[in-house]
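Here's the structure, in C-alpha cells; my notes come after.
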Amino acid sequence: MSRPIQSCVKNPRIGIIGGGIAGATVALCLGELGLDVTLIEKGSSLVNGPPICHLHAGGNLYREISDAQCFTLLRESIDLVRLYPHAVDYRPTVIAVPKNDAGLPEDLLPRLHKLQKEYQHLINKDSKNSVLGASEHYFKLFTRQQIEALKNTEVVNKPQTLTEWMIPFAHHVNLEQLKFPVILVQEYGLNLFRLAASAELALRKITHCSLLVNSEVTNIHALANCWQVEYQQGSEITVTEFDYLINAAGFRTGTVDDMLDFKRQRLVEFKAAYVTQWPQCSAIWPEVIFFGDRGTPEGMAQFTPYPDGYFQLHGMTPLVTLFDNGLVESANHSAQPQLNPHFIEKIDKGWSNAEINLRSQAAIDHISRFIPDFAQNATVSAKPLFGAQQIPGDDAELRAAGVSFVGEFYARCEIVKASSALTVSNKIIKQLIKLGYLTHKDNGDRVFKITHAITEPEITQHAQKLCASRDYPVSLARCNFPQLGH
Ligand SMILES: Cc1cc2nc3c(=O)[nH]c(=O)nc-3n(C[C@H](O)[C@H](O)[C@H](O)COP(=O)(O)OP(=O)(O)OC[C@H]3O[C@@H](n4cnc5c(N)ncnc54)[C@H](O)[C@@H]3O)c2cc1C
C-alpha cells in the first residue's frame, strides 16, 4: 500500500477518526493552535464510548503496574486536570485492604512516598501543577482507632479536611473486614459527561475545526500525496482528503488500520460498571476501593459516588465488571481483535433488562460485603456504563499508553486511560513540527484560550443534556464535590 509522500503543504488538512477523549483532545489541542482539523465521529456526541470515572492520579488502584507507569499517570492526570478543570470530581479515594487479601496496606507505602515526592517535584517545576492540593496531603493513613472515633461524628455537607472525608466511611463500612491502616489518597474522579461537554463546547467554538457527528468512516485510500477518506452520514457517502490522518477509533482502531492494511498487535477488553442509587444516603463520600485479586470472586470492588445518592460500582470479578472471553487479541491477518458478537450487540444495541438486573445486583452484592447498609437500600437505577477499550501490544496490565505512528502522516491514539490523551496530543504536535506544519513558536505558550473560556455553568448545562440524551440520571453529570481545602 502506497502512502502520501508530500511533506510540506501550506494549511495542512488534518483528519481525526473518532471523537472519544483521545480524538476530541487532539482536535482541541490542534484547533487551539490554529490548524485546520476535521473530527469525524460515528456517534451523535463526543466522548460517548466506554466509561471514565477515575482520574488515576498516581495509579494507586493498580498494585501490579510499575512505578514508572504510576509516575506517568500522575503527570498525565495533572495535565488533564489543567486542561479540563470543570470535568473533575474533586474528591479523594480511600484504599482499603480486606482481611482476606494476601497484601498489606504497608506494601503500598514505598510507592506512595515516591509519588508524593514526584508530585512535589512537579509543583517545583510549575506551581500551576498543584491541582491535587499540597503535596504533604497527597495521602494520609488512618488507623482503626482514628476511624472508630469518627463513628459518632456528624457528616459534613462540604468536607474540607482529609478527616472529614472519612466520616461516611466510618459510619457505614464494616471495619471488621479490613486490615489497617486504610489510605486516603488524592486520586480524584473524572466525570464522563462533563468531559464530553467540555470538549464538545470548546470544539464548536474553534472556527477552523469541523465537527462531524453521526458520521462513520467506511474506507480510506492512500493516494500519492494525501489520504482519501470516505465517510457515511445516514445514507449519504462523502469523500474527502487529508494531508495527515489520526486514527482515534478506540477499540475499533484496528478496523481503521485494516482499511490501510497496517499491521498492529493489540488487545481489546469489554467491561462494565453499574449505576445504582442509595436514596437514603445524602452524605458526600470519597471514592472507596476494596482491593482484591482481579478475576477471582474477591476481585477489587470500586464504589464511586455521585450526587443525590447515586453510586457507580465496579467489581473485578467475572460476574460483575469482567466477562468470560471479554479479553481478545488481534490475529495475524487483522489488526482488529474480534470480540464475540454478543459484546458487539451490547455496544451497538444495548442490554436486555434481565442482564442489567442480574449483573447490577451482583455488583450491589459484591460491594455489600463491605458496606452492609448498601445491601439493604441500593436499587438498580440505570443501564450499565460499559464498553470495550484497547490495549496496545500484548500486556493486559498496561495502563499508561499513548500513540504510535506509521510513516510520517499517520498516527494512532492508543490510550488505555483518559489521562494519557494530552500526552498523545503533545507527541502528535511534535511530529507536526517536524513536518513543518507547525513551528516551535506556535507551540510555545500552551494556553487553551478557547477551551478555558467555557464557563462551569455552561459545562454543567450541556453535560446534563448529554447525560439525559444517553438515558442516564442527570445527577451523574452534576458535581457536588468541593475543592479540598488544605
Ligand atoms: C468499564 C470501563 C471503565 C473504565 N473506567 C475508566 C476510568 O475510570 N478512568 C479512565 O481513565 N479510563 C477508564 N476506562 C478506559 C477508558 O474508557 C478508555 O481508555 C477511553 O475511553 C479510550 O478513549 P478513546 O478516545 O481512545 O476511545 P473511545 O472513547 O472508544 O472513542 C473512540 C471513538 O471512535 C468512534 N469510532 C470508531 N470507529 C469509527 C469510525 N469508523 N468512524 C467514525 N468514528 C468511529 C467511536 O464511536 C468512539 O466514539 C474504562 C473502560 C471501561 C470499559
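Tabulated data
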{"quantity": "Any hit, the stretch 391-398, residues being in contact with a helix residue (DSSP H, G or I) (Cβ under 7 Å, 6 or more places away or on another chain) and either at pLDDT below 95 or closer than 18 Å to P51 by Cα (or both)", "calculated": "no"}
{"quantity": "Test: residue in the stretch 214-236 that is assigned to a helix (DSSP H, G or I) and either touching a helix residue (DSSP H, G or I) at 6+ places or on another chain (Cβ under 8 Å) or among the aliphatic types (A, V, I, L, M) (or both)", "calculated": "no"}
{"quantity": "Cross-chain or 6+ apart pairs with Cβ under 9 Å, the stretch 344-368 first and within 12 Å of V380 (Cα to Cα), then in a helix (DSSP H, G or I)", "calculated": "E355/K346; I364/F374; I364/A375; D365/A375"}
{"quantity": "Residue match in the stretch 94-109 (condition: in contact with a Ser or Thr (Cβ under 9 Å, 6 or more places away or on another chain) and more than 16 Å from the ligand (Cβ to nearest atom))", "calculated": "no"}
{"quantity": "Count of the stretch 272-291 residues which are farther than 19 Å from V156 by Cα and out of contact with any Ser or Thr (no Cβ under 8 Å at 6 or more places or on another chain)", "calculated": "2"}
{"quantity": "Verdict on V239 being outside any helix (DSSP H, G or I), within 16 Å of the ligand (Cβ to nearest atom) and within 28 Å of the chain's Cα centre (by Cα)", "calculated": "no"}
{"quantity": "Selection from the stretch 361-399 of residues that are part of a strand (DSSP E or B), over 22 Å from P297 (Cβ atoms) and more than 15 Å from the ligand (Cβ to nearest atom)", "calculated": "T379"}
{"quantity": "Matching option when the condition is crowded, with 20+ Cβ neighbours inside 10 Å and farther than 18 Å from L192 by Cβ, among P305, P337, P318", "calculated": "P337"}
{"quantity": "The one condition in (1) more than 25 Å from P286 (Cα to Cα); (2) β-branched (V, I, T); (3) not in a helix (DSSP H, G or I) that V416 fails to fulfil", "calculated": "(1)"}
{"quantity": "Subset tally (residues that are closer than 16 Å to Y410 by Cβ and within 9 Å of the ligand (Cβ to nearest atom)) for the stretch 214-232", "calculated": "1"}
{"quantity": "Matching residues in the stretch 402-418 - criterion: being near the ligand (Cβ under 9 Å from one of its atoms) and either small (G, A, S) or closer than 19 Å to L435 by Cβ (or both)", "calculated": "C413, A418"}
{"quantity": "Verdict on T38 being buried (at least 21 other Cβ atoms within 10 Å of the Cβ) and hydroxyl-bearing (S, T, Y)", "calculated": "no"}
{"quantity": "Among residues of the stretch 37-58, those that are assigned to a loop (DSSP other than H, G, I, E, B) and more than 6 Å from the ligand (Cβ to nearest atom), counted", "calculated": "7"}
{"quantity": "Of all residues making up the stretch 138-166, the number that are farther than 17 Å from P307 by Cβ and not in a loop (DSSP other than H, G, I, E, B)", "calculated": "12"}
{"quantity": "Filtered residue count, the stretch 188-213, keeping only those that are touching a Ser or Thr at 6+ places or on another chain (Cβ under 7 Å), more than 10 Å from the ligand (Cβ to nearest atom) and not in a helix (DSSP H, G or I)", "calculated": "1"}
{"quantity": "Hits in the stretch 387-409 - residues which are aromatic (F, W, Y) and surrounded by 22 or more Cβ atoms within 10 Å (Cβ to Cβ)", "calculated": "F409"}
{"quantity": "Test: residue in the stretch 350-358 that is out of contact with any Asp or Glu (no Cβ under 8 Å at 6 or more places or on another chain), modelled with pLDDT of 95 or more and within 15 Å of A388 (Cα to Cα)", "calculated": "yes"}
{"quantity": "Any hit, the stretch 457-464, residues being surrounded by 14 or more Cβ atoms within 10 Å (Cβ to Cβ), touching a Lys or Arg at 6+ places or on another chain (Cβ under 9 Å) and part of a loop (DSSP other than H, G, I, E, B)", "calculated": "no"}
{"quantity": "Residue within the stretch 41-54 that is in contact with a strand residue (DSSP E or B) (Cβ under 8 Å, 6 or more places away or on another chain), farther than 20 Å from F386 by Cβ and touching a residue at least 40 places away in the same chain (Cβ under 8 Å) present", "calculated": "no"}
{"quantity": "Residue under evaluation G34, criteria (1) within 14 Å of the ligand (Cβ to nearest atom); (2) small (G, A, S); (3) over 27 Å from L184 (Cβ atoms), criterion not met", "calculated": "(1)"}
{"quantity": "Checking L61 against (1) more than 11 Å from the ligand (Cβ to nearest atom); (2) under 15 Å from the mean Cα position of the chain (by Cα), the condition it does not meet", "calculated": "(1)"}
{"quantity": "Pair list, Cβ under 9 Å, 6 or more apart: the stretch 403-422 residue without any contact (Cβ under 8 Å) to a residue 60 or more places away in the chain, other residue part of a strand (DSSP E or B) and more than 6 Å from the ligand (Cβ to nearest atom)", "calculated": "V403/I246; V403/A411; V403/R412; F405/A411; F405/R412; V416/Q390; V416/I391; V416/P392"}
{"quantity": "Any hit, the stretch 97-105, residues being surrounded by 23 or more Cβ atoms within 10 Å (Cβ to Cβ), touching a Leu at 6+ places or on another chain (Cβ under 9 Å), assigned to a loop (DSSP other than H, G, I, E, B) and among the aliphatic types (A, V, I, L, M)", "calculated": "yes"}
{"quantity": "Set T304, T296: member being under 22 Å from A96 (Cα atoms), of a type in the set (S, T, N, Q) and more than 12 Å from the ligand (Cβ to nearest atom)", "calculated": "T296"}
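The rows are residues; the columns are (1) farther than 27 Å from L30 by Cβ; (2) near the ligand (Cβ under 10 Å from one of its atoms).
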residue: I246; (1), (2): no, no
residue: G250; (1), (2): no, yes
residue: M259; (1), (2): no, yes
residue: K263; (1), (2): no, no
residue: W278; (1), (2): yes, no
residue: M300; (1), (2): yes, no
residue: T317; (1), (2): yes, no
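The values are calculated or read from the model by the stated rules, or taken from the named source; none is laboratory data. Please read these numbers as outputs of a predicted model, since none were measured by experiment. No Cβ is skipped: glycine too gets one built from the backbone with ideal geometry, and neighbour counts run over all protein chains shown.
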